[in-house]
């Protein structure tokens with residue numbers, strides 16, 4: 001293929017998943033709307049740590065925020081390297 005010539009888009013599973021995200025997100029938000037974690041599912045004073053490295057750290061931040069929003073539990077996002085280097089924290 002000549003330099004600068006556009007190649008046809010790859011129709012892989014990953015490509016399809018990316019395209020479907022725009023449709024899936026509103027359905028997910030609708031499913032979560034008004035959802036509360038039953039109080040029995042989270043014991044009083046419970047704390048949750050979500051961890052990740054790189055892009056998954058941003059997912060951990062979202063997970064912690066979601067947990068705080070759906071329950072009265074404490075939830076934190078911590079980079080994986082900190083869990084590994086300073087597990088006592």
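Label-to-label distance for residue 43 and residue 89 is 2.7 nm, based on points extended 7 Å past Cα in the beta-carbon direction. Per-residue packing, averaged as other Cβ atoms within 10 Å, sorts the ranges 53-59, 72-78 into the order 72-78, 53-59, beginning with the highest.
Put simply, when 61-71, 13-23 are sorted by average Cβ atoms within 10 angstrom per residue, most first, you get 61-71, 13-23.
Every number here is computed from the coordinates shown, using simple stated rules; none is lab data. This is a predicted model, so every value here is computed, not measured. Here the Cβ is made from the backbone with ideal geometry for all residues, glycine too, and neighbour counts use every protein chain on show.
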